[in-house]
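Down below is the structure, laid out as structure tokens.
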Amino acid sequence: MRRYETHCARLETMKIGILGGTGPAGKAMAARLASVGLDVRIGSRQVERAAQTAVELRERWQGRKLAVSGVLNEEACGADLVILATPWDGAAPLARSLAAELDGKVLISMVNALGKVGDELLALVPPSGSIALAVQLAAPRALVAGAFHHLPARVVADLSQSLDADVLVCSDHPEATAAAVELSGRIPGCHGVDAGSLSAAAAIEAFTAVLIGINIKHRAHASIRLTGLSSGNSSER
């Protein structure tokens, strides 16, 4: 099994694959990561759609020289680190279909299971307890971590705005935790925090519904910031 090497030199040349990269969350994360110099592969079942998404991002942010390309999901899995950003009900099935390609890979799930009831968004609890755990079960040899759930999507997508957030990371694999924490710290204004094992994903994912509700009510783009942590507990502040 490939072991993830966590140091800045590796990040400088890292390739990031995003499964579900043509959707709002995946597109936003692709732009944000490319804006800090990472090489991003936007994955899709349709390579034409992925390529068009890459073109749209480069045209929207002309002058930033975003290193984004559109590829099939299978090719996106060939990146050094893979992010899953699909709709919640497609996350585990997609991971299962790509389980062989994801063998030994750090796979970060940023997927939240949410449903709208009236005017309110509510957290949905999948049979496994969380989307991240469902993804781990679907691709058992992948190194799954949950992260990036609470970042305000509109701010992530808008490169003219800065972020100010702690990114809670949970995983049963130390390599995946370290990778997600370090990647979080690469984004200006973000700090990765080791939030424990993958069992924490249920609470982390569910709280997204609360945070979105707060943002809607107050017309804000609030995120999570923890107090009382030293630099040894999270990425360098």
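The values are calculated or read from the model by the stated rules, or taken from the named source; none is laboratory data. Values in this document were obtained by computation on a predicted structure and should not be read as measured data. Using ideal geometry, Cβ is built from the backbone for each residue, glycine included, and neighbour counts are taken over all protein chains shown.
For this structure, a couple of remarks:
- Among the candidates GLY129, GLY118, residue that is on the phi > 0 side of the Ramachandran plot and in contact with a helix residue (DSSP H, G or I) (Cβ under 6 Å, 6 or more places away or on another chain): GLY129
- Of all residues making up the stretch 14-54, the number that are of a type in the set (A, V, I, L, M) and either assigned to a helix (DSSP H, G or I) or surrounded by fewer than 24 Cβ atoms within 10 Å (Cβ to Cβ) (or both): 13
- If only residues of the stretch 1-54 that are of a type in the set (Val, Ile, Thr) and modelled with pLDDT of 95 or more are counted, the one that is nearest to LEU84 (Cα to Cα) is ILE18.
- Extreme residue, surrounded by the most Cβ atoms within 10 Å (Cβ to Cβ), among residues of the stretch 197-217 that are under 20 Å from THR177 (Cβ atoms) and of a type in the set (S, T, N, Q): THR208
- Within the stretch 54-76, residues that are touching a residue at least 60 places away in the same chain (Cβ under 8 Å) sit with their Cβ atoms under 8 Å from residues that are of a type outside the set (Ser, Thr, Tyr) and not in a strand (DSSP E or B), at 6+ positions apart or across chains, in these pairs: TRP61/ALA31; TRP61/LEU159; ARG64/ALA34; ARG64/LEU159.
- In the set VAL181, VAL193, only one residue is more than 22 Å from PRO126 (Cα to Cα), part of a helix (DSSP H, G or I), among the β-branched types (Val, Ile, Thr) and touching a residue at least 12 places away in the same chain (Cβ under 8 Å); that residue is VAL181.
- Residue, farthest from the chain's Cα centre (by Cα), within the stretch 117-156, restricted to residues that are over 15 Å from GLY90 (Cα atoms), crowded, with 16+ Cβ neighbours inside 10 Å and β-branched (Val, Ile, Thr): VAL155
- Hey, ALA206 modelled with pLDDT of 95 or more, in contact with a strand residue (DSSP E or B) (Cβ under 9 Å, 6 or more places away or on another chain) and not in a strand (DSSP E or B) or not: yes
- Among (1) among the aliphatic types (A, V, I, L, M); (2) farther than 20 Å from THR227 by Cα; (3) touching a Cys at 6+ places or on another chain (Cβ under 6 Å), the one test that ALA195 misses: (2)
- Condition check for ALA220: surrounded by fewer than 23 Cβ atoms within 10 Å (Cβ to Cβ) and either closer than 23 Å to ALA28 by Cα or not charged (D, E, K, R) (or both): yes
- Pick from the stretch 155-178, criterion small (Gly, Ala, Ser) and assigned to a helix (DSSP H, G or I), ranking: nearest to ILE108 (Cα to Cα): ALA176
- When each of LEU183, LEU168, LEU159, LEU211 is tested for being under 18 Å from the mean Cα position of the chain (by Cα) and within 26 Å of ASP119 (Cβ to Cβ), the lone residue that passes is LEU211.
- Filter result for SER69 (within 12 Å of ALA30 (Cβ to Cβ) and among the polar types (S, T, N, Q)): yes
- Given (1) charged (D, E, K, R); (2) within 24 Å of ASP80 (Cβ to Cβ); (3) modelled with pLDDT under 95, index of the condition ARG237 fails: (2)
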